[in-house]
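Down below is the structure, laid out as structure tokens.
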Amino acid sequence: MKQIDPMARSGKRQPSSMPKMPDRIREHGLAYDVVILGGGYAGLMAGLRFSAWTCPLKALLISEQGSFTERVRLQEALIKPIAPRLPPLANWLSETKLDFLQGRIEELHPLSGTVIVRTAEALLAVRFRRSIYALGSVADLQGTPGADRHAYRLDPDDGPRSAAALRRRLLEVPAGATVAVVGGRNTGVEAAAEIKAARPELEVTIIAAGAAGDFGKGAPAEQAVRKQLGALGVLLIDADPVEQLGEDHVLTKSGKRVPADICVWATGLRSPSIATAAGLAVDGTNRIWVDGALRSISHSHILAVGDSARPLAPTGAAYRQSALAALTSGAYAAASLLREARGRRGRPFSFSAYGQGVAIGTAGVGFVTYPDDGEASLVLTGRFALRLRNLFVRVLIWFLRIERIWPGLALFWIGRKRVSWDEADGLVRKLPNLSLPASPAEPPAPRVARPRRTSPAS
């Protein structure tokens, strides 16, 4: 792997069909067959598929974070910092063919095949033929007055309202302080339970728009979650959406004023606005509308994966924003581009779910939802369920480690033959009121820098 030096200059000329970059933007110097935007579960899994020295495509992974963040463990970071389970990405990828660039995605220009990246040293323009968009999601604070100013969220950055800032705040508040957690699904339940288990002297309340603990998996799963929250002493307010946040309180739709020395926002996700600003077809939360091959319906040379994707075609199991959907969609997108490079076409994207686990303090709830991620067929509770949930979270990291050693193995991916092209294309064509923007011309093929070496030692 080549770790990109943002200040390096290249004497290679770019094709004349490429637009000239403004003076404030440096040309990166290299162009890539594939650029992966984002280094989360989906983006890293996609990038690792291009990491073999025999891979026919030259790929670059761009991530704002230098280390991999386990989003499913962020509630643990509310009490104490969590040690990373993977080395820094630049080091971990150094002996692979995959190039790595640490920087923040500023702009995406689909027609010219260019992405603008802000690094610590410069503003760079990187060229690509294909891109895998994996920028994930953040807490959706839009539409609720005061949420952006007063709510903490489980975001991995070091901002004033991040998970790290919330951890510091929890250490400061005295016994008897009030904590309101907005959101009654997985993230809200885990955050509330983690806080209450660590500081039982705090008054912790979950405020839900529906029923707290209802993940849509049936009554037994919901009852198990609510029972364990009650045993911890977490208070529940159901079916009362939050309408406004103040400095020390939360106002609900029914007019209830809930005291909140600390408010944690754990409801709703929104993807970054990069795709929207680039003119891609997106939904109301900036997720990219994709077809059965996870290609943007408006710009087919861009694929979207993980939380950033909004599939129009059936996907076997229900496609929800989760680590499993991220890993499988990332693996599929990379495999699809590799098949395309070899002149082959695979099946449309599909997968099967295993189940779901929820950490509730020192216990947990786990339930099997194979294969469609529908109503739970088996519900487990207590410490055994927590251990099983934590094991699965650890296994997610091992899936990434295995992919680095054997790119393309993807042992975790089951249900990959559940959908046919007739089903995928047929459903997309039948969708009412679907207005597709005119498909742009293929971006000009960049001059791809091919490494001379064929192995790490050569």
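The values are calculated or read from the model by the stated rules, or taken from the named source; none is laboratory data. Computed from a predicted model, the values in this text were never measured in an experiment. Every residue, glycine as well, gets a Cβ built from its backbone with ideal geometry; the counts of neighbours run over all protein chains shown.
Can you work out which of the residues in segment 209-236 that are assigned to a helix (DSSP H, G or I) and aliphatic (A, V, I, L, M) is nearest to ALA177 (Cα to Cα)?
It comes out as LEU232.
Across segment 384-428, what is the number of residues that are of a type in the set (A, V, I, L, M, F, W, C) and in contact with a Cys (Cβ under 8 Å, 6 or more places away or on another chain)?
0
Which members of segment 229-265 meet the condition of being touching a residue at least 40 places away in the same chain (Cβ under 8 Å), of a type outside the set (Val, Ile, Thr) and under 15 Å from ALA211 (Cβ atoms)?
LEU229, LEU236, ASP238
What residue, among those in segment 403-412 that are modelled with pLDDT of 95 or more and under 20 Å from the mean Cα position of the chain (by Cα), is farthest from LEU294 (Cα to Cα)?
ARG404
Restricted to segment 369-396, and to residues that are surrounded by fewer than 16 Cβ atoms within 10 Å (Cβ to Cβ) and among the hydrophobic types (A, V, I, L, M, F, W, C), which residue is farthest from LYS217 (Cα to Cα)?
VAL395
Might you let me know whether segment 291-303 holds any residue that is outside any helix (DSSP H, G or I), under 12 Å from the mean Cα position of the chain (by Cα) and buried (at least 23 other Cβ atoms within 10 Å of the Cβ)?
Taking segment 291-303 as the starting set, the residues that turn out to be outside any helix (DSSP H, G or I) are 291-303.
From what is left, the residues that are under 12 Å from the mean Cα position of the chain (by Cα) are none.
Within segment 291-303, none of the residues are outside any helix (DSSP H, G or I), under 12 Å from the mean Cα position of the chain (by Cα) and buried (at least 23 other Cβ atoms within 10 Å of the Cβ).
Do we find that ASP291 is in contact (Cβ under 8 Å) with a residue 60 or more places away in the chain, of a type outside the set (Gly, Ala, Ser) and closer than 30 Å to THR205 by Cβ in this structure? Before the answer, list the steps.
Values: in contact (Cβ under 8 Å) with a residue 60 or more places away in the chain: yes; of a type outside the set (Gly, Ala, Ser): yes; closer than 30 Å to THR205 by Cβ: no.
So ASP291 fails the test.
Counting just the residues of segment 184-204 that are over 13 Å from LEU232 (Cβ atoms) and buried (at least 24 other Cβ atoms within 10 Å of the Cβ), which one comes out farthest from the chain's Cα centre (by Cα)?
Top of the filtered list is GLY184.
(1) in contact with a strand residue (DSSP E or B) (Cβ under 8 Å, 6 or more places away or on another chain); (2) surrounded by fewer than 19 Cβ atoms within 10 Å (Cβ to Cβ); (3) hydrophobic (A, V, I, L, M, F, W, C); (4) not in a strand (DSSP E or B): which one isn't true of ALA239, the others all being true?
Failed condition: (1).
Taking ILE206 as the residue in question, decide whether it is in contact with a helix residue (DSSP H, G or I) (Cβ under 9 Å, 6 or more places away or on another chain), at negative phi, assigned to a strand (DSSP E or B) and not small (Gly, Ala, Ser).
Here the answer is yes, as ILE206 does meet what is asked.
Kindly establish whether THR276 is at pLDDT 95 or above and of a type in the set (Val, Ile, Thr).
For THR276, the condition - at pLDDT 95 or above and of a type in the set (Val, Ile, Thr) - is met.
Just to be sure I understand, how many residues within segment 33-67 are under 30 Å from VAL358 (Cβ atoms), in contact with a Phe, Trp or Tyr (Cβ under 8 Å, 6 or more places away or on another chain) and in a loop (DSSP other than H, G, I, E, B)?
Of the residues in that region, 3 qualify.
Restricting to segment 304-333, count the residues that are surrounded by fewer than 24 Cβ atoms within 10 Å (Cβ to Cβ) and either of a type in the set (Gly, Ala, Ser) or assigned to a loop (DSSP other than H, G, I, E, B) (or both).
Qualifying residue count for the region: 10.
Given the condition polar (S, T, N, Q), part of a helix (DSSP H, G or I) and either outside the structural domain of ALA42 (by TED's automatic domain parsing) or touching a Gly at 6+ places or on another chain (Cβ under 8 Å) (or both), answer yes or no: does some residue in segment 334-351 qualify?
yes
Test of understanding: among ALA318, ALA331, ALA341, which residue is in contact (Cβ under 8 Å) with a residue 60 or more places away in the chain and over 20 Å from GLY38 (Cα atoms)?
ALA341
Here is a check on your reading of the model: is GLY213 crowded, with 17+ Cβ neighbours inside 10 Å, free of Cβ contacts under 8 Å to residues at least 40 places away in the same chain, within 27 Å of the chain's Cα centre (by Cα) and closer than 19 Å to GLN321 by Cα? Explain how you work it out, then say what you get.
Values: crowded, with 17+ Cβ neighbours inside 10 Å: yes; free of Cβ contacts under 8 Å to residues at least 40 places away in the same chain: yes; within 27 Å of the chain's Cα centre (by Cα): yes; closer than 19 Å to GLN321 by Cα: yes.
It is true that GLY213 is crowded, with 17+ Cβ neighbours inside 10 Å, free of Cβ contacts under 8 Å to residues at least 40 places away in the same chain, within 27 Å of the chain's Cα centre (by Cα) and closer than 19 Å to GLN321 by Cα.
Please work out which one of (1) free of Cβ contacts under 8 Å to residues at least 24 places away in the same chain; (2) farther than 23 Å from ALA331 by Cα is the condition GLU375 fails and give its number.
Only one criterion is unmet by GLU375, namely (1).
How many of the residues making up segment 65-81 are of a type in the set (A, V, I, L, M) and under 22 Å from LEU135 (Cβ atoms)?
Final tally of qualifying residues: 3.
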